[in-house]
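Please read the structure below before turning to the comments.
The values are calculated or read from the model by the stated rules, or taken from the named source; none is laboratory data. For clarity, every value in this text was computed on a predicted model and none was experimentally measured. As a convention, Cβ positions derive from the backbone with ideal geometry for all residues, glycine included, and neighbour counts pool all protein chains shown. Surface accessibility is based on the protein's heavy atoms, side chains included, excluding ligands, DNA and RNA. Shrake-Rupley method; radii C 1.70, N 1.55, O 1.52, S 1.80 Å.
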Amino acid sequence: MSIANQRILIIGGSSGMGLASASRLVQAGAEVFITGRDAAKLDAAVSSLDGKAMSIEADFTDPASLKALMRRIGRLDHLVLAAAGPAAWGPFAQLPVEAVRIALHTKLVGYWQSLQAALPILRRDGSVVFMTGAASRVAMNGTAGLAAVNGGITQMAQTLAKELAPLRVNVVSPGLVDTPAYDGMPAEAKAGMFAGAARSLPVGRTGVPDDIAQCVEMLVGNTFATGMVLDIDGGARTPL
Ligand SMILES: NC(=O)c1ccc[n+]([C@@H]2O[C@H](COP(=O)([O-])OP(=O)(O)OC[C@H]3O[C@@H](n4cnc5c(N)ncnc54)[C@H](OP(=O)(O)O)[C@@H]3O)[C@@H](O)[C@H]2O)c1
């Protein structure tokens, strides 16, 4: 299916993989809306897209904000959920339950209520793409919190591909990708983490946002794709 002129909302579209997806979809001729909480970040994102997307401030953890967002957009063909939440990262035995609660409440509940809010304006045979993460697809020490959040979204998506049909519901599961999500890390620690991951991956490198955006574009446009989990992780499930 051609993506040209399709109305697509990317929640978390002002940065990283959401922004890279916006770029691909805009280039394919779609009418793209991007959201995030930070107005300055949204403005910068729209500039980087040569003004070819529309930005709307919205918080996916706030039902009233989501309702206002959907009212403003009015009609949608596709929804892409690429927003991030605080990650519950660390050894299981020490990870505070409160960190897990916040992570689940932000990303899993956030994605849930975003789709619920979008449903009344979403084309019945349109599509949804959820962005999860490789930690829910491969066992890695210290990632039980990430696995719980993203694994929950993955299983929810499988059920929704049936329950909400003919709406297509798919998951993109990225491995480690260099995005602004890691801007807060000390440079040396970040470089070490990315170099270590690259050494362990069959492809010999970590991801860039466009690697993932290619998958989002495919899942939005391919009308035979539903109930899929697309692992785009450089081979994280078959490490060297
Ligand atoms: N990068 C990786 O290595 C990696 C690996 C596996 C999975 N993932 C997952 O992939 C997704 C995208 O990650 P990324 O690295 O591209 O992140 P990113 O660059 O930090 O971008 C996150 C986006 O989410 C938005 N956002 C955050 N909280 C929000 C809220 N409450 N309401 C609305 N928007 C919100 C941000 O805008 P504002 O801050 O302005 O709100 C931004 O647009 C995340 O779900 C992440 O868990 C990432």
Ala93 fails exactly one of the following numbered conditions: (1) among the small types (Gly, Ala, Ser); (2) surrounded by fewer than 17 Cβ atoms within 10 Å (Cβ to Cβ); (3) free of Cβ contacts under 8 Å to residues at least 40 places away in the same chain; (4) over 30 Å from Met140 (Cβ atoms). What is the number of that condition? (4)
Looking only at region 78-90, which residues are open to solvent by less than 70 Å² (accessible area, probe 1.4 Å), closer than 24 Å to Gly12 by Cα and more than 10 Å from the ligand (Cβ to nearest atom)? His78, Leu79, Val80, Ala88
With respect to Val26, is the statement that it is hydrophobic (A, V, I, L, M, F, W, C), open to solvent by 40 Å² or more (accessible area, probe 1.4 Å) and within 19 Å of the chain's Cα centre (by Cα) true? no
Answer from Ala40, Ala20 - the residue that is of a type in the set (Gly, Ala, Ser), over 20 Å from Gly207 (Cα atoms) and assigned to a helix (DSSP H, G or I): Ala40
Looking at this structure, is Ser47 free of Cβ contacts under 8 Å to residues at least 24 places away in the same chain, within 11 Å of the ligand (Cβ to nearest atom) and in a helix (DSSP H, G or I)? no
Restricting attention to region 204-223, does a residue exist that is farther than 30 Å from Gln6 by Cβ, in contact (Cβ under 8 Å) with a residue 24 or more places away in the chain, away from the ligand (no atom under 14 Å from the Cβ) and among the basic types (Lys, Arg)? no
Those residues of region 11-28 that are under 21 Å from Phe224 (Cα atoms) and of a type in the set (A, V, I, L, M) come to a total of 2
What's the number of the condition Ala117 fails, among (1) of a type in the set (A, V, I, L, M, F, W, C); (2) open to solvent by 10 Å² or more (accessible area, probe 1.4 Å); (3) at pLDDT 95 or above; (4) within 14 Å of the chain's Cα centre (by Cα)? (4)
